[in-house]
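Structure, as structure tokens:
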Amino acid sequence: MTPAKLASTVLSAARAVFETRGLDVSALPATTAVERPRSPEHGDYASTLALQLGKKAGVPPRELAAALAEELGRQPGIKSVEIAGPGFLNIRLEAAAAGLLARDIVLAGTRFGHTDTLAGERINLEFVSANPTGPVHIGGVRWAAVGDALSRVLRAAGATVGTEYYFNDAGSQIDRFARSLYASAKGEPAPEDGYGGAYIAEIATAVVAEAPDVLKLGEPEALATFHRVGVELMFAEIKQSLTEFGVEFDTYFNEKDLHDRGELQEALDRLREQGHIFEADGATWLRTTEFGDDKDRVLRKSDGDWTYFAADCAYYLDKRKRGFDRVVIMLGADHHGYIGRMKAMSACFGDDPAQNLEILIGQLVNLVRDGEPMRMSKRAGTVITLEDFVDALGVDATRYALARYSSDSPIDIDIELWTSASRENPVYYVQYVAARTFNIALNAADSGVTRGVPGDFRAELLSGEHENDLLKALGEYPDTVARAAQLREPHHVARLLEKIAGAYHRFYDDPACRVTPKGDEPVTEGHRARLWLNDATRTVIANGLGLLGVSAPERM
RNA sequence: GCGCUCGUAGCUCAGCGGAUAGAGCAACGGACUUCUAAUCCGUCGGUCGCAGGUUCGAAUCCUGCCGGGCGCGCCA
């Protein structure tokens, strides 16, 4: 029995109690959840439903709990229900009901953990979005890991997700980039406001290789070539390093297209229709203060140019027109000042900012070596890049390290720790479970231990303490994925995997939990039942690591 | 000044309004003739920044204060 099934059993029991007693059924929530109590004395699962409903129903919680306990106790698979404290229901399952989870997981395979909690939601997820003026730097790396994991988690929860990378290959940043390339190709030092770093020389050389006559051109033509080819090469490189990192986007969206298609004007017109546009000092403004922003924002400057914010408005509108009802944007902490104007802008379009626009802020990341944050990259000079990260830790450890923390806490990633092969390195701890489960399955096959057909699975044999703990941890997986999706916090998945890993390692170390017989001992039904549990663990660990974009190795 | 955000064990961090707040590290002490010891077990460790409020119940929600980080342009 999964926690989800138990929860719905609790809810229908509550409905039955309400009906028999003639209570108002509308007081019942649409869904409820059971929780895993910390203390084993409180049963396998606990429900607080009676506490929540006592007041609404006008019945003392303990009395309601008693009625619920009686009703629940009659349900199949439930061994006992106790009332504790002010009205907690402490539920114990029959060993067989708990153990069946192992079989359910194995049979569900890669689908285990998928739910329909976000079914019908169309979510646009924008992250990284670095302009092609240099390699992806450290802030983008965090979002590459977290954003990609989130997209997978959202999909597992049943949402339709479009991932998106927004960039701009025009404007002064890119001009500086082009001028830096040009200077480098001519053997001159970088312009004062230009970009430094070894990568500029590399790209400049590559541009010259692709367009050998570029230095013979006049300056405007040469700059145009460096601009065009340089952006192309830089962007190809960004995409490649992201691909190597396991991250690909459904859409790479160029801001230029918004301009070319007249979408800024369209957005402005739309906002004007909504009555939020005004003219002042020769500029065109959006009255964002009407929806809580600090100050009104200029869309079109007095010189006739559009502002960056105007493009933001057009881009938002574009996403909405493409059918996304939730626009999620992941930004670095240095951009959190944008939240107010973005939310207000959404409201100016007539949307509900609480529903249609979510802005997630990620705090800073440091890559730490010998206790000191690394500040300089070998290649980029000024900042640490995605490649630096992967060179230092490898893809798996980088992704895991970034995805296991809440995005709103600043983190230090210690190179020594994340490359160590030990308990203190969470990614090794979890991956080691994958390797152990695989190895055990091999050994089982060698010793003639097989799962057999599902109908022969003896779930009640998985009743030891370590087997129980492992089953319960595995049972939390679907809810955890759903919650991670709901909260946009993939780190919950990583934390559960670590908990499962701990439970598995304890199971493994328990001499009573052997999957293969020792020495000449005969194969028993217990070995076979534990092989189901072993394989169920492997399934969940592999699925969970998959959501984080981390491999589940067969051997370490 | 205004806004956002964080404050939980010595350190790094989990923690869905629920019961006696948890992990890892560090410190100390144990377990390999054993399916991989990259593992496991034990001990030590708390004013959940402070003060109010809401609630049957608050680390969690609200308000104020203190402390850290960040942001506040007709820049991109």
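Among the candidates A:Leu107, A:Leu100, A:Leu125, A:Leu68, which residue alone is within 16 Å of RNA strand B (Cβ to nearest atom) and either of a type in the set (A, V, I, L, M) or under 33 Å from the mean Cα position of the chain (by Cα) (or both)?
A:Leu68
I need a count of the residues in the range A:415-437 that are touching a Pro at 6+ places or on another chain (Cβ under 8 Å) and near RNA strand B (Cβ under 7 Å from one of its atoms).
Going through the range A:415-437 one residue at a time, the tally reaches 1.
Quick one: is A:Thr133 assigned to a loop (DSSP other than H, G, I, E, B), of a type in the set (Ser, Thr, Tyr), within 16 Å of RNA strand B (Cβ to nearest atom) and surrounded by fewer than 16 Cβ atoms within 10 Å (Cβ to Cβ)?
no
Could you grab me the full set of residues in the range A:262-292 that are closer than 15 Å to A:Tyr166 by Cβ and away from RNA strand B (no atom under 16 Å from the Cβ)?
Across the range A:262-292, the qualifying residue is only A:Glu263.
Would you please name the residue that is farthest from RNA strand B (Cβ to nearest atom), looking only at residues in the range A:146-159 that are surrounded by fewer than 23 Cβ atoms within 10 Å (Cβ to Cβ) and assigned to a helix (DSSP H, G or I)?
The extreme case among them is A:Arg155.
Quick check: is even one residue across the range A:160-179 open to solvent by less than 30 Å² (accessible area, probe 1.4 Å), touching a residue at least 12 places away in the same chain (Cβ under 8 Å), among the aromatic types (Phe, Trp, Tyr) and touching a Leu at 6+ places or on another chain (Cβ under 9 Å)?
Looking for residues that are open to solvent by less than 30 Å² (accessible area, probe 1.4 Å), touching a residue at least 12 places away in the same chain (Cβ under 8 Å), among the aromatic types (Phe, Trp, Tyr) and touching a Leu at 6+ places or on another chain (Cβ under 9 Å), one finds at least one in the range A:160-179, hence yes.
I'd like to check something: does the range A:524-541 contain any residue that is near RNA strand B (Cβ under 8 Å from one of its atoms) and not in a helix (DSSP H, G or I)?
no
The values are calculated or read from the model by the stated rules, or taken from the named source; none is laboratory data. Quick caveat: nothing in here was measured; it's all calculated off a predicted structure. Cβ atoms come from the backbone with ideal geometry, glycine included; neighbour counts cover every protein chain shown. All accessible areas refer to the heavy atoms of the entire protein, side chains included, with ligands and DNA or RNA removed. Shrake-Rupley method; radii C 1.70, N 1.55, O 1.52, S 1.80 Å.
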